[in-house]
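The values are calculated or read from the model by the stated rules, or taken from the named source; none is laboratory data. As the structure is a prediction and not an experimental result, all values here were calculated from the model. No Cβ is skipped: glycine too gets one built from the backbone with ideal geometry, and neighbour counts run over all protein chains shown. All accessible areas refer to the heavy atoms of the entire protein, side chains included, with ligands and DNA or RNA removed. Shrake-Rupley method; radii C 1.70, N 1.55, O 1.52, S 1.80 Å.
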Amino acid sequence: MLHFTIRRLILSVPTLLFISLVIFLLLDLAPGDPMASIPLTVPPEVKEKMREALGLGEPVHIRFLNWLYQFFVVEPQVAFDHIFGTDFSEGKQRIISFQSRSPVMSVVAERMPQTLWVVGLSYVFATLIAVPIGIFSAYRQYSWFDQLGTFISMVGFSIPTFFSGVLLIVVFSVILGWFPSIYDTTHTITDWGSFWFQVKQMAMPVFVLTLYNAAQVSRFMRASMLDNLNQDYVRTARAKGLSERVVVLVHVLRNSMIPVVTVIALGVPNIFGGAIITEQVFQVNGLGQMLISAIYASDAPMVQTLTFIFAVLIVLFNLIADILYGILDPRIRYD
Amino acid sequence: MTDTTTAAAIPSEKPRNQWWDVWDQFKTHKGAMAGLVFFVFIILAVYLGPLLWTIDPTHIDIRARNTGPSLAHPLGADQLGRDMLARMLQGGQVSISVGLTAMALSLVLGTFIGVLAGYWKGLDGLLMRFTDLFLALPLLPLLLVIIMLFRDPLRSVFGLETGIFILIVFVIGITSWMQAARIVRGDVLALKEREYVLAARSIGTSSGKIVVRHILPNIMSPIMVSATLGIANAIITESALSFLGLGFPPDYPTWGRLLFDAKDFIQQYPERVIWPGLAISLTVLAVNYIGDGLRDALDPRIRGR
């Protein structure tokens, strides 16, 4: 297991390097010019100077290596300094956004909480709801509960989040007026009233993402339970005289959770991608919205860094899923 | 599940094509049948509908601006007075065409890579690493970047509409072939060890012929299931791109674009958001049900029960 983990970790390094190179070259091709918003009265030689100041004067490979150095050496140092109060990163160049002229990572750190709250909470809710539904649907296959559950999960899985979000806004903000349609990020919680407001503004985005994720997880949970319910060991457990509760909730559930846990782990990076759209619908200014605005402004360092962070998440959670599978299922041996 | 073995009727008539069995099984899945009927209806509506409902979707009737449903405009008219029904039909035509073409592209690509990797051992490692690499790409951000990048050059080469159509189909196709490739590779790996492939090889059939004659027909079922998932995925991706404002241009309606345009008027005219959204959701739901039914019908463990 340890061998496998180490081998996979080493393998993920070239993968990530290659991905970052692909993103970098793509962005380098981009016709968008970060100087586009500079007034035309600025003479061309000054523009050239500004371009160099942004680090655009260097050839491609130097800029790529620079970015790698900044991302893997300077930024961790900054984080280290921030935590321990040291000064390793003194005077070193950080990754700077073209748009805001501030370090990309500090903007990411600013935007991260919003995304994590909305996305993370919805994922937790989705799992908590989907697992019991999946178990019960499979246990009472073809009952009205199962029929309803599979139908709802099919619907939740088919409705794109940008429509369910807009639909919720129409019903609950426009017609009923219960929830605000725009997420107010500057809102701080001071007392019960403001806490309640926070709950209200988070309700719709969280619900949209929860529905979508719960639909997928419950489908998997149901299928996996069904696979296990007909196995011989279940018959044996029943024949031993174990109560139905123990058979289903201990024996079957533990075995059916194996693939579901990996699916849940694999879904984590995807939800950041899905959150791009949901954040756009509810105007939550989290990471996804930042990415969209950076793409529009051809802010290459920002897009590069964010996309790379997404890629790291995907590779990391793939690895976690594989390791979990190996730990949970003794039939799987990687070595 | 095989507790009661009903006496299987001994086939006395001439042997039937296995696809008839699949169809028989498919018919018993109510959701899948409903989905199929709806999907056929949508396809007929968007491709033949404009012949019956002849209002030009770009025609601006400024006096009908922002009106609700009426006889002249059954779904109302938008902020410029363009007929919503005509725009929905035309938008559906684009969305469905994107879905079908992108699905076809991703299937061809996925099957090609899957067969290569499964059949020729030398290529397997390389191609599968390549597939893993693609699976690790953050797709939505990359799609957005690629579209930003190539929108203008392609527009100048192929014209406004064709250029963006080609671009969107192409980017969706090249970012969604990985699942199909993996499934196909797994099936090919199992199939190529079978006796009939050995028999074919022993009478001197070339590898290419074996793949085309003996392997491809036998991996049709996973390919068909991926096809339905591919259509649903492509329609959603296209709508999502249009919804983020990076899909088709404003005067060229697709369902996603209509939803995006209507979003700004959501307070006053919420029904304009509902129509395209409902169309996308129902189409995707129908396609997903078809996929579910197909998966059941093509699974020999379930079929014939």
Subset of the range A:197-210 [in contact (Cβ under 8 Å) with a residue 60 or more places away in the chain, of a type in the set (A, V, I, L, M, F, W, C) and open to solvent by less than 70 Å² (accessible area, probe 1.4 Å)]: A:Met202, A:Met204, A:Val206, A:Val208, A:Leu209
Exactly one of A:Ser164, A:Ser137, A:Ser173, A:Ser194 is farther than 21 Å from A:Gly288 by Cα and either buried (at least 21 other Cβ atoms within 10 Å of the Cβ) or not assigned by the TED database to the domain that holds A:Pro113 (or both), and that residue is A:Ser137
Take the range A:1-16 and flag every residue that is touching a residue at least 24 places away in the same chain (Cβ under 8 Å) and under 22 Å from the mean Cα position of the chain (by Cα). A:Arg8, A:Leu9, A:Ser12, A:Thr15, A:Leu16
Pairs under 7 Å by beta carbon, first residue away from chain B (no Cβ under 12 Å) in the range A:169-191, partner open to solvent by 40 Å² or more (accessible area, probe 1.4 Å) and in a loop (DSSP other than H, G, I, E, B), six or more apart or different chains? A:Tyr183/A:Gln283; A:Thr185/A:Asn285
Search the range A:288-315 for residues being more than 10 Å from chain B (Cβ to nearest Cβ) and in a helix (DSSP H, G or I), and hand back the single one that is surrounded by the fewest Cβ atoms within 10 Å (Cβ to Cβ). A:Ser293
When both residues are 6+ apart or on different chains and their Cβ atoms are under 6 Å apart, which pairs have a first residue that lies in the range A:293-313 and is within 13 Å of A:Val108 (Cβ to Cβ), and a second that is among the hydroxyl-bearing types (Ser, Thr, Tyr) and modelled with pLDDT of 85 or more? A:Phe308/A:Ser20
Would you confirm, using the coordinates I've provided, whether B:Val273 is in a helix (DSSP H, G or I) and within 10 Å of chain A (Cβ to nearest Cβ)? yes
Between A:Leu229, A:Leu211, which is within 13 Å of chain B (Cβ to nearest Cβ) and more than 28 Å from B:Leu278 (Cβ to Cβ)? A:Leu229
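Rundown of residues vs (1) of a type in the set (S, T, N, Q); (2) assigned to a helix (DSSP H, G or I); (3) open to solvent by 60 Å² or more (accessible area, probe 1.4 Å); (4) within 11 Å of chain A (Cβ to nearest Cβ), yes/no style:
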{"site": "B:Ala180", "(1), (2), (3), (4)": "no, yes, no, no"}
{"site": "B:Val184", "(1), (2), (3), (4)": "no, yes, no, no"}
{"site": "B:Ser242", "(1), (2), (3), (4)": "yes, yes, no, yes"}
{"site": "B:Gly245", "(1), (2), (3), (4)": "no, no, no, yes"}
{"site": "B:Pro250", "(1), (2), (3), (4)": "no, no, yes, no"}
For A:Val284, all conditions in the list (1) part of a loop (DSSP other than H, G, I, E, B); (2) surrounded by fewer than 23 Cβ atoms within 10 Å (Cβ to Cβ); (3) within 17 Å of the chain's Cα centre (by Cα) hold save one; what is the number of the exception? (2)
Got at least one residue in the range B:276-298 being over 28 Å from B:His73 (Cβ atoms), among the acidic types (Asp, Glu) and more than 10 Å from chain A (Cβ to nearest Cβ)? yes
Restricting the range B:252-267 to residues that are facing another protein chain (nearest Cβ under 9 Å) and outside any helix (DSSP H, G or I), the residue that is farthest from the chain's Cα centre (by Cα): B:Gln267
Looking at A:Ser89 and the list (1) open to solvent by less than 60 Å² (accessible area, probe 1.4 Å); (2) in a helix (DSSP H, G or I); (3) at pLDDT below 80, which single condition is not satisfied? (2)
Can you tell me how many residues in the range B:119-136 are open to solvent by less than 20 Å² (accessible area, probe 1.4 Å) and either touching an Asp or Glu at 6+ places or on another chain (Cβ under 7 Å) or facing chain A (nearest Cβ under 7 Å) (or both)? 1
Quick check: is even one residue across the range A:264-276 in contact with a Lys or Arg (Cβ under 9 Å, 6 or more places away or on another chain) and either at pLDDT below 85 or not in a helix (DSSP H, G or I) (or both)? no
Given (1) under 30 Å from A:Ala311 (Cα atoms); (2) more than 29 Å from the chain's Cα centre (by Cα), index of the condition A:Ser218 fails: (2)
Within the range B:114-141, the residues that are within 17 Å of A:Leu319 (Cβ to Cβ), in a helix (DSSP H, G or I) and over 21 Å from the mean Cα position of the chain (by Cα) are B:Met128, B:Arg129, B:Asp132, B:Leu133
